[in-house]
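Structure first, then comments.
The values are calculated or read from the model by the stated rules, or taken from the named source; none is laboratory data. Just so it is clear, the model here is predicted, and its values are computed rather than measured. Virtual Cβ from ideal backbone geometry, glycine too; neighbours counted across all protein chains shown. Note: areas computed on protein heavy atoms with side chains; ligands, DNA, RNA excluded. Shrake-Rupley method; radii C 1.70, N 1.55, O 1.52, S 1.80 Å.
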Amino acid sequence: MTHQLLIKHLYVCVMGSIETINFYLLDKAIRTYRNYSQKKLKENGFTITVDQWLIIKVLLENPGIPQISLAEKVFKDNASVTRIINLLVKAKYLDRKTNPKDRRTSILKVTPNGEQIIYKVQDLVLQNRKNAQNGISIEDLENLNSTLKKIILNCQS
């Protein structure tokens, strides 16, 4: 065994393979699911992206939410959210008006077209989730949710 291979072997033995790190696997699962979902949207003739769907969904659930809070909810930086909003306004899924109380901010409202696209995509979203969770028991999903909530709390303190 060469010196480099020996060092690599010792490192893997001590640190563990990247494939055994929970947070690596969690990130990989999320990215794989997002790619899968985007592929299914495209295959079914939808031009909306997963991120655009998420922005509309959050706005429907939180009418009047400020853009900074919207960005936090969708785990994106403000510049990325601004770009997505611009595309959604152009596609007529969102309406943007200047806030008369603070001209530096906008008031975002989901248009009837935006509500319609969420409705049309909903069955596919549910099917994607079902496929991703195939073979996983309800108990395992509940344990996963509980564990993820504990990790979130641990990292917020």
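Measure nothing but the geometry: give the 0 to 90° angle between the long axis through the Cα atoms of 3-15 and the longest principal axis through the Cα atoms of the chain, rounded to 10°.
The two axes meet at around 70 degrees.
Setting aside same-chain residues fewer than 8 positions from Lys73, which lysines have a Cα under 17 Å from its Cα?
The qualifying lysines are Lys57, Lys109, Lys149.
Run the quick spin-label model on Asn44 and Gln156: label points 7 Å from Cα toward the beta carbon, then report their separation in nm to one decimal.
Taking the simple label geometry, Asn44 and Gln156 are separated by 3.1 nm.
Given H placed 1.01 Å from N in the peptide plane, which residues other than close sequence neighbours of Asn99 have an amide H under 5 Å from its amide H?
Residues meeting the criterion, in which the H sits 1.01 Å from N, are Thr105, Ser106, Ile107.
In degrees, nearest 10, range 0 to 90: what is the angle between the Cα axis of helix 112-132 and the longest Cα principal axis of the chain?
Its long axis makes an angle of about 20 degrees.
Tally up the carbon and sulfur contribution to the accessible surface of segment 70-110 as a whole percent, 1.4 Å probe, everything protein left in place.
Looking at segment 70-110 in its full context, I get 52 percent from C and S.
Tell me the net charge near Asn113. Cut-off is 15 Å between Cβ atoms, Asn113 excluded, with +1 for each Lys or Arg and -1 for each Asp or Glu.
+4
What's the angle, to the nearest 10 degrees (0 to 90), between helix 78-90's Cα axis and the longest principal axis of the chain?
Its long axis makes an angle of about 50 degrees.
Which chymotrypsin sites (Phe, Trp or Tyr not before Pro) does segment 28-103 hold that lie in a coil by DSSP with at most 11 other beta carbons within 10 Å?
Answer in residue order: Phe75.
At R0 = 35 Å, how high is the FRET efficiency between Leu60 and Asp27 if r is their beta carbon distance? Nearest 0.05 is fine.
Computed FRET efficiency for Leu60 and Asp27: 0.80.
So how long is each side of segment 30-157 along the principal axes, counting just the alpha-carbon atoms, biggest first, in Å?
50, 43, 20
Residue by residue, what Karplus-based ³J(HN,Hα) values in Hz, rounded to whole numbers, does segment 53-69 have, using 6.51, -1.76 and 1.60 with θ = phi - 60° and x for Gly and Pro?
Taking θ as phi minus 60°, the curve returns 4, 5, 4, 4, 4, 5, 5, 5, 7, 9, x, x, 4, x, 4, 5, 5 Hz for segment 53-69.
Normalised by the residues of the chain, what does the relative contact order come to in percent, with Cα pairs under 8 Å and at least six apart?
Normalised by residue count, the contact order of the chain is 18 percent.
Counting only heavy atoms of protein chains, what accessible area per residue, in Å², does the chain have with a probe of 1.4 Å?
Here the per-residue accessible area is 76 Å².
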